[in-house]
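> One structure, pasted below without further comment.
The values are calculated or read from the model by the stated rules, or taken from the named source; none is laboratory data. Values in this document were obtained by computation on a predicted structure and should not be read as measured data. So basically every Cβ, Gly included, is an ideal-geometry build from the backbone, and we count neighbours across all protein chains shown.
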Amino acid sequence: MGLLEIVWAQVIRRGSRSLALFLGLLVACAGFTVLTAQSRSQELVTRGKVTTAGRSAYDILVRPQGVQLPMEKKGGLVQAGFLSGIHGGISLAQWHQIEKIQGVEVAAPVAVIGYVVPRVAVPAAKHVNLNPGNGSKLFRLDTTWHTDNGASTEDGRPSFLYVTSGNLTTNATQSIAYQTIDGVRRKILAVPTTNQVTVHSPPTQVSALTKTQYESIVAGDGPQSGSALGAVVGFPFLLEAVDPAAEAKLAGLKGAMVSGKYLGSGNISTAVVGGQSSQQVPVVVASSPATHISLSYKIQELSSSAVRHVQLGKGFDSLLNSPGVTVGSGSFNQDAAYQELLRAMKNPGSALGDTGFAARDLSDMYVAGPTSYTGKSLSGAKVLAAQPQRTNLGVWQEPPAGGGSFTIGSIVPAGADDTAFRNLTGYQWDTTNTSRLGSPTVAYQGTFDASRLPGYSALTRVPLGTYASTVVTGATAKDRKILGDKALPPSPNIAGYVQPAPLMITSLSSLPAFESGSAFWNPVTTDKPGTAASPVNAAAPISSIRIRVNGVTGVGAASRARVRLVAQQIEAKTHLLVDVTIGSSPAPQTIVLPAGEHGRPQLTLHENWVKKGVTVAILTAVDKKSVALFLLVLVVCALFVANTVAASVRARRTELGVLACLGWRKSRLVALVGIEIAGVALAAGIGGGLIAWAAGSAFGLPVSPGRAALAIPAALIVALVAGVIPAVSAAQASPMEAVQPQVSVPRRASSPHTVIGLGWVNATRRPGRSVLAAAGLAIAVAALGVIAGILTVFRGNVVGTLLGNTVSVEVRGSDKAAVIAILILAGIGVANVLFLEIRERGTELATLQAIGWRESDLTALLLTEGVLIGVAGSVVGAGLALVILAVVIGSLSTGLVWSVLVAALIGIVISVAATIPPVATIRRLPTATLLTEE
Amino acid sequence: MTTPTPDTATTGTGDSGQVAVRVRGLIKKFATLDATITAADDIDLDIPAGSITAVTGASGSGKSTLLHLIGALDAPDAGTIEVFGTTVSQLHGRALADYRGSIGFVFQRFNLLPTLTVLDNVTAAALPRHRRRADTKERAHDLLAAVGLNGREHTLATRLSGGQQQRVAIARALINEPRLLLADEPTGNLDSTTGTGIVELLFDLREQRGTTILFATHDPTLARRADRTISIKDGQLQGRE
């Protein structure tokens, strides 16, 4: 009989043991192969050296995909004003998803709605006598707007005030004043001041906006106050919606409130304002304007011939430049005008009347796109030249509402026809649709002071800051002189180069007022009202989310790892564009700004852009922790195999001794055992590979045939490593084994007084076997304790240090599967020990039965052995888990300790459960046969 | 096939006049790969209380099977066994275990628990039942003295000689003061001198305690010392002396 035949006979004759070995290896190798297919995960990596010590108000910036401009993609350069240029792209659901991610301290969303231009009339003639006496007088207000620190100037449209002692009458529908002069009722072509209506440029002429248009033409009956002549100033407000609570937490907006109250979480309400139904949008506004604007004016009293000209109904066209006597002049302080605007917002019943409504009107919305640049060389240096865009005045046009009379509408802000650097899109409230709730209107809540925001650091002054405009300064002495040695401020021209910071903040719950259902329309892309267009993307209204991460104390390695881990999870769960802001720093760029239409020469400027300190990349990487867990599956399996093979060799000691008697060499004895183990392992490996491949196909897992084949070497290695000691032991078989009884005699006598005591004696009878089973359980409990601790206390991920290196651990689904597999294999290991014990000590158990032991007594005996192994394994495993957690995390919280204790308890429960199948076999013990067989 | 008339003879002391074991229509078969062996073939048997009965027969004749069935170590395929009025073949669970604990069984291979001392082997039956332990321990000492193992109580059982181990097994069998002692080839693994000593021990027990003893042996000399002998061949009772 050849060696292989003997091996084959062994496999067949000891079928149950071979089958156990086969099944153990099969399960472990199939599981290992399937799990390793999951070892590659999407990993977010950060690259770059953090040199700045500062930390911005947030650690992670989340934006919609596709908003990165080429310069950011290539060089990590984020241009100024990038946040306000993003209009939606993130859904509320994604925001809530991010909020729930472990490690996110606060996730503050920003939904950029667009620019609104609330306006206020500022009295200009406070010190001018506007008393017509017994006759009539005609005054003209000429204005000049100054922007870009005076580098740009623009003459405003003149306003006329006709005051008379004669009775004025009104055609209410046309808002035209009439006066009876010399017995003839004449059309003055001006608006009675009692109506307080400002007439502005007819829409048909907007496309040809020129300085010949009127700002207002007003007719007053009797002496007029100084407010009868004034300039209407419009301030572009960038309106953004935030989550009030998150914004208070992240940016400290609530703490920056200087008057009124902070935003609540309530929804919009409806009210009648200015005679019209409106949606009340709660807002807080900045205490000072972001834009810089100044206005100089001159009031002239025109000649009597000019008065006569008007009285004859000849209009005002020829009077635009007619000379007069200057009766007043001055300039507007923009801050005063702004405060006037805030006052108008706060007081709906303002004496400004309809201009009070204009101050709160949110029915016209403008969205500015990004600036594009071209690289050029300037004096040998690389600079960026801002590219002018087509000036799009069409967005300002107002449709006639209802009966064709002019509506109260937007005032074209000063400089609107200046050179544009951004594409402008306009949205206007569809006044023709009366079924709506009404146009959105400011419901003033309070005023915040951006300079009071905490963390108003150098970094927040770069574009990553939410409430600060970017700083643009002259690059050369000449440029600085042009700008009056000041930074170039945002102008009222929304399409201008410098973007203002958000001045008006509302809550996300107000967004429905601006969504498509609210019937905005785009006066450029659609040719008639009623075609819905919305500045807000209802499905994904959020433009960006700023995230602060728990436990981040600076820019150290641990903090960066925490941030990276959170960023990785955000990317994995939302697939949004995720950026780590740690290490970002101002990166001044030289910008060439072409000359403007209103006198500003070409400027060379320095603008603070952001250079991202670390770039983020999503890589497919091997999760080392997962691989370690998967290998533990094999290790626990190896322990099981070692026990099984050792028992097999022990059971065959006599047989091996006989073979030694027959002259078999040691190498041949090793081969006898080795070939048997290898054969079973090979079969299990092939089977495991097939199962893994089938499971991969069935469940869509990436188990390629090549990966499935990994099961074969895995099974062979595990079996041979586990079997090497038993095989060597087999080689030590001496001929005397053939004649010695297979009774292991303890070194010393035991005297147990209880069943538990006898169980202890039995459990320690073959300590190696029990230790291997306990070791398997210890590994399982340690793995479970660590994973459970991270899952329960840290909700799935943790950052710590290991051997001085910062590590971040995220528990994935495959890790949980691996831990479950390890637990199952550990349980099988315990059960295997008891099966082996029953098999080898069958005669003893039968003897105990024969002398009157009940089945329950035998059950208790075996249960004791299982529990002892379980307690030993679980205690050691729990200790290991605590050590691992303490080393990685640095401290042990009560929650962690509890998690580990629960893991230990589960280990004991598993070991108890593992005794059930072996104990069930007691009933089938052939008592009589066992007691008589040799 | 002739069915032997059940033996009703009485001998000895103790339960004198009673039938200790009553067997009726006992059948037990074992299936092997190529045949079915009938180890007990419709056996009827009465064992008088207090008697010493030897069961003889060749190897494989069914001697051990008969003892195993009476000792409830195995279950019959058919028939009934009554031991002091208890129908053994109907016992299950706790009652079965209690029955096993109430009789004594001595095996050819001793079947001592290798990890325990001599004393613990004797008291092993009481191990699960704490209340009986103290009394049992005292009794074990007495029994060990009676079987000549005084002073060896704390020796590991497996370190004793074969004869000594069998004495331990007998002491263990007697620990619960059984009215019936079953011994399966008690001297089979012993030399003749040691075997004789064991037999003397059994006879002394009967004399001192009135224990009913049923032992299997293929040693005619030993069998002849019994009060009565029954012979089994191919599972059938052949006769008695």
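> Counting only residues that are within 9 Å of another protein chain (Cβ to nearest Cβ) and acidic (D, E), how many does region A:832-866 have?
Matching residues across region A:832-866 total 3.
> Tally the residues that are more than 10 Å from chain A (Cβ to nearest Cβ) and more than 12 Å from the chain's Cα centre (by Cα), restricting the search to region B:64-90. Steps first, answer last, please.
Of all residues in region B:64-90, those more than 10 Å from chain A (Cβ to nearest Cβ) come to B:66, B:70, B:76-90.
Those still in the list that are more than 12 Å from the chain's Cα centre (by Cα) too: B:76-90.
Count: 15.
> Could I ask something else about it? Consider A:G907 carefully, then state whether it is buried (at least 21 other Cβ atoms within 10 Å of the Cβ) and within 14 Å of another protein chain (Cβ to nearest Cβ). Even if it seems obvious, please write down each step before you answer.
Working: buried (at least 21 other Cβ atoms within 10 Å of the Cβ): yes; within 14 Å of another protein chain (Cβ to nearest Cβ): no.
When the stated conditions are applied, A:G907 does not pass them.
> Additional query: Kindly indicate which of B:G93, B:G148, B:G101 is more than 9 Å from every other protein chain (Cβ to nearest Cβ) and small (G, A, S).
Details: B:G93 fails: more than 9 Å from every other protein chain (Cβ to nearest Cβ); B:G101 fails: more than 9 Å from every other protein chain (Cβ to nearest Cβ).
Only one candidate passes the filter, namely B:G148.
> Based on this model, can you work out whether B:A169 counts as more than 26 Å from B:G25 (Cα to Cα), within 10 Å of chain A (Cβ to nearest Cβ), touching a helix residue (DSSP H, G or I) at 6+ places or on another chain (Cβ under 9 Å) and in a helix (DSSP H, G or I)? Please lay out each step first, then the result.
Details: more than 26 Å from B:G25 (Cα to Cα): yes; within 10 Å of chain A (Cβ to nearest Cβ): yes; touching a helix residue (DSSP H, G or I) at 6+ places or on another chain (Cβ under 9 Å): yes; in a helix (DSSP H, G or I): yes.
It is true that B:A169 is more than 26 Å from B:G25 (Cα to Cα), within 10 Å of chain A (Cβ to nearest Cβ), touching a helix residue (DSSP H, G or I) at 6+ places or on another chain (Cβ under 9 Å) and in a helix (DSSP H, G or I).
> Take the residues in region B:75-129 that are of a type in the set (V, I, T) and in a helix (DSSP H, G or I); name whichever of them is surrounded by the most Cβ atoms within 10 Å (Cβ to Cβ).
B:V122
> For the condition within 29 Å of A:G330 (Cα to Cα) and part of a strand (DSSP E or B), what is the one hit in A:S277, A:S259, A:S296?
Values: A:S277 fails: within 29 Å of A:G330 (Cα to Cα); A:S259 fails: within 29 Å of A:G330 (Cα to Cα).
When all the criteria are applied, what remains is A:S296.
> Right, here's the next one. Going through A:N129, A:N149, A:N134 one at a time, which residue ends up being more than 48 Å from the chain's Cα centre (by Cα), of a type outside the set (A, V, I, L, M, F, W, C) and over 20 Å from A:G328 (Cα atoms)?
Numbers: A:N129 fails: over 20 Å from A:G328 (Cα atoms); A:N149 fails: more than 48 Å from the chain's Cα centre (by Cα).
Within the list A:N129, A:N149, A:N134, the selection yields A:N134.
> Residues in region B:178-201: is at least one acidic (D, E) and part of a helix (DSSP H, G or I)? Break it down into steps so the answer makes sense when it comes.
Of all residues in region B:178-201, those acidic (D, E) come to B:184-185, B:191, B:200.
Subset that is part of a helix (DSSP H, G or I): B:200.
There is at least one residue in region B:178-201 that is acidic (D, E) and part of a helix (DSSP H, G or I).
> Further, regarding this structure: Would it be correct to say that A:T620 is out of contact with any Phe, Trp or Tyr (no Cβ under 9 Å at 6 or more places or on another chain), in a strand (DSSP E or B) and either at pLDDT 80 or above or not β-branched (V, I, T) (or both)?
Numbers: out of contact with any Phe, Trp or Tyr (no Cβ under 9 Å at 6 or more places or on another chain): yes; in a strand (DSSP E or B): yes; either at pLDDT 80 or above or not β-branched (V, I, T) (or both): no.
So A:T620 does not fit the description; no.
> Continuing with the same structure: If you check B:A58, B:A20, which single one turns out to be away from chain A (no Cβ under 14 Å), touching a residue at least 60 places away in the same chain (Cβ under 8 Å) and closer than 19 Å to A:T929 by Cα? Give the derivation first.
Working: B:A20 fails: closer than 19 Å to A:T929 by Cα.
One residue alone meets the criteria, B:A58.
> To continue, here is another question. Condition first: more than 14 Å from every other protein chain (Cβ to nearest Cβ) and either buried (at least 24 other Cβ atoms within 10 Å of the Cβ) or part of a helix (DSSP H, G or I) (or both). Now tell me which residues in region B:151-165 satisfy that.
Residues satisfying the conditions are B:G163, B:Q164.
> Specify the residue that is nearest to B:A125 (Cα to Cα); the eligible residues are those in region A:837-891 that are out of contact with any Gly (no Cβ under 7 Å at 6 or more places or on another chain) and outside any helix (DSSP H, G or I).
Once the filter is applied, the top-ranked residue is A:W853.
> Can you pull out the residues in region A:100-127 that are among the β-branched types (V, I, T), surrounded by 22 or more Cβ atoms within 10 Å (Cβ to Cβ) and over 22 Å from A:M504 (Cβ atoms)?
A:I101
For (1) within 19 Å of A:R766 (Cβ to Cβ); (2) in a helix (DSSP H, G or I); (3) at pLDDT 75 or above, each residue gets a yes or a no:
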{"position": "A:V641", "(1), (2), (3)": "yes, yes, yes"}
{"position": "A:V658", "(1), (2), (3)": "no, yes, no"}
{"position": "A:L669", "(1), (2), (3)": "no, yes, yes"}
{"position": "A:E676", "(1), (2), (3)": "no, yes, yes"}
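> So A:G234 clears everything in (1) modelled with pLDDT under 80; (2) closer than 30 Å to A:R186 by Cα except one condition, right? Which one?
All conditions pass for A:G234, except number (2).
> Now a separate question. So if I check each of A:S405, A:S410, which one is at pLDDT below 60 and surrounded by 23 or more Cβ atoms within 10 Å (Cβ to Cβ)?
Working: A:S405 fails: surrounded by 23 or more Cβ atoms within 10 Å (Cβ to Cβ).
Only one candidate passes the filter, namely A:S410.
> On the given criteria, is A:V310 in a strand (DSSP E or B), touching a residue at least 24 places away in the same chain (Cβ under 8 Å) and among the β-branched types (V, I, T)? Before the answer, list the steps.
Details: in a strand (DSSP E or B): no; touching a residue at least 24 places away in the same chain (Cβ under 8 Å): yes; among the β-branched types (V, I, T): yes.
Against the criterion (in a strand (DSSP E or B), touching a residue at least 24 places away in the same chain (Cβ under 8 Å) and among the β-branched types (V, I, T)), A:V310 does not qualify.
> While we're here: Among (1) in contact with a Gly (Cβ under 7 Å, 6 or more places away or on another chain); (2) buried (at least 17 other Cβ atoms within 10 Å of the Cβ), there is one condition A:L931 misses while meeting the rest; what is its number?
Condition not satisfied by A:L931: (1).
> Hey, another quick one. What about A:G870, is it away from chain B (no Cβ under 14 Å) and crowded, with 24+ Cβ neighbours inside 10 Å? Show your work before the answer.
Working: away from chain B (no Cβ under 14 Å): yes; crowded, with 24+ Cβ neighbours inside 10 Å: yes.
Judged against the criteria, A:G870 is a match.
> Moving to a separate point now. Can you pull out every residue in region B:62-99 that is without any contact (Cβ under 8 Å) to a residue 40 or more places away in the chain and either under 15 Å from B:L237 (Cβ atoms) or not aliphatic (A, V, I, L, M) (or both)?
B:G85, B:T86, B:T87, B:S89, B:Q90, B:H92, B:G93, B:R94, B:D98, B:Y99
> Can I ask one more? Quick one: count up the residues across region B:115-145 that are modelled with pLDDT of 80 or more and either of a type outside the set (V, I, T) or more than 21 Å from the chain's Cα centre (by Cα) (or both). So that I can check it myself, show each step before the final result.
The initial filter retains those residues of region B:115-145 that are modelled with pLDDT of 80 or more, namely B:116-124, B:137-145.
Imposing the further condition that a residue be either of a type outside the set (V, I, T) or more than 21 Å from the chain's Cα centre (by Cα) (or both) reduces the set to B:116-117, B:119-121, B:124, B:137-145.
Within region B:115-145, residues that are modelled with pLDDT of 80 or more and either of a type outside the set (V, I, T) or more than 21 Å from the chain's Cα centre (by Cα) (or both) number 15.
> Please work out which residue is modelled with the highest pLDDT, limiting yourself to region A:315-338 and to residues that are buried (at least 16 other Cβ atoms within 10 Å of the Cβ) and part of a helix (DSSP H, G or I).
So the residue we want is A:Y338.
> Here's something else I'd like to know. Which of the following residues is among the aliphatic types (A, V, I, L, M) and either over 12 Å from the mean Cα position of the chain (by Cα) or assigned to a strand (DSSP E or B) (or both): A:A93, A:A111?
Details: A:A93 fails: either over 12 Å from the mean Cα position of the chain (by Cα) or assigned to a strand (DSSP E or B) (or both).
A:A111 is the lone residue from the list that is among the aliphatic types (A, V, I, L, M) and either over 12 Å from the mean Cα position of the chain (by Cα) or assigned to a strand (DSSP E or B) (or both).
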